[in-house]
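Nothing in this text is a laboratory measurement; each read-out follows from the coordinates by a stated rule. All values derive from a computational prediction rather than experimental measurement. Methodologically, a virtual Cβ is constructed for each residue, glycine included, from the backbone with ideal geometry; neighbour enumeration extends over all protein chains shown.
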Amino acid sequence: MALAGVARGLSGFGSGMIVAPVAGALYGPKAALVIVSILDALPMIPLTLPALRHAVWREVIPISIGSFLFLPLGLFILRHGDPTVLRWVISAAILACVAVLWSGYRYRGPRSPAVSVAAGAVSGTLSGIAQIPGPPVIAYWMASGLPALIVRANLLTFFMIGEFVTLGNLWATDMLMPEPVTIGLVTMPLYFVFLLAGWRMFAVTGDRGYRLVTFWLIIAAALLALPLWDGVSARLPAAFA
């Protein structure tokens, strides 16, 4: 939670990509979605409001529409999909996003509303599966060459809107289970403290520096959450018996 808070406050994204794989390995994908949604909703409001004036709404709105329309599809996949397969998909999506960003790729194609809606559709599906709407829109906006201030404002605005839409969908589909809701509420104060720390670090950390730190945190979370480690962890007690 501490690492997720710093990453979110510093870069404007990363909390779901860090918490969801680890929470999914501990509690399952459904509980992980609830934990991340509860954890990230309220603490981000006071930090996101100042960024709204920098957001490019002509891009945030169509991406948000695409995301909201396809969120129910992601929730359907989550409810009926195999947890192990979903964990592989989640980790693969995170690593693919990091690979695109790390390569320095710049998207020079059309940035029409239709393209933005398509990016939002992929984002909404991933949000429904694991509360990680970030990879598609992060890659889309960061590959655009927009200034870091604008990209960060777009991400913060999009994520704040999305958090409350996701919570509404979780409530409507009876997925707000008591245990993950409690975990999210109990860990929220610690998360908020480190969120503020990351927010302050943004003012003194260079563009390359803050992205570099966040990328490595995300990579570590995705790799550690891969189902391939399940067999290793199960054999450790026997190895030391």
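Summary table
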quantity: Ranked list, fewest to most other Cβ atoms within 10 Å of each Cβ, for Y105, Y140, Y27; calculated: Y105, Y27, Y140
quantity: Order by protection proxy (mean Cβ within 10 Å, highest first), peptides 42-51, 115-124; calculated: 115-124, 42-51
quantity: Proxy reagent accessibility, fewest Cβ within 10 Å first, across R208, R79; calculated: R208, R79
quantity: Anisotropy class of the stretch 80-127 from Cα gyration tensor, a/c 1.5 cut; calculated: oblate
quantity: Contour minus Cα-Cα distance for V85 and A2 (0.36 nm per residue); calculated: 27.1 nm
quantity: Three-way shape call for the chain based on the alpha-carbon gyration tensor, with the a/c threshold at 1.5; calculated: rounded
quantity: Helical contribution to [θ] at 222 nm, DSSP H n ≥ 4, -39,500 (n - 2.57), averaged over the chain, rounded to 500; calculated: -26500 deg cm²/dmol
quantity: C-alpha long axis of helix 57-80 to longest principal axis of the chain, angle in °; calculated: 20
quantity: Fewest-first sequence of F164, F202, F68 by Cβ atoms within 10 Å of each Cβ; calculated: F164, F202, F68
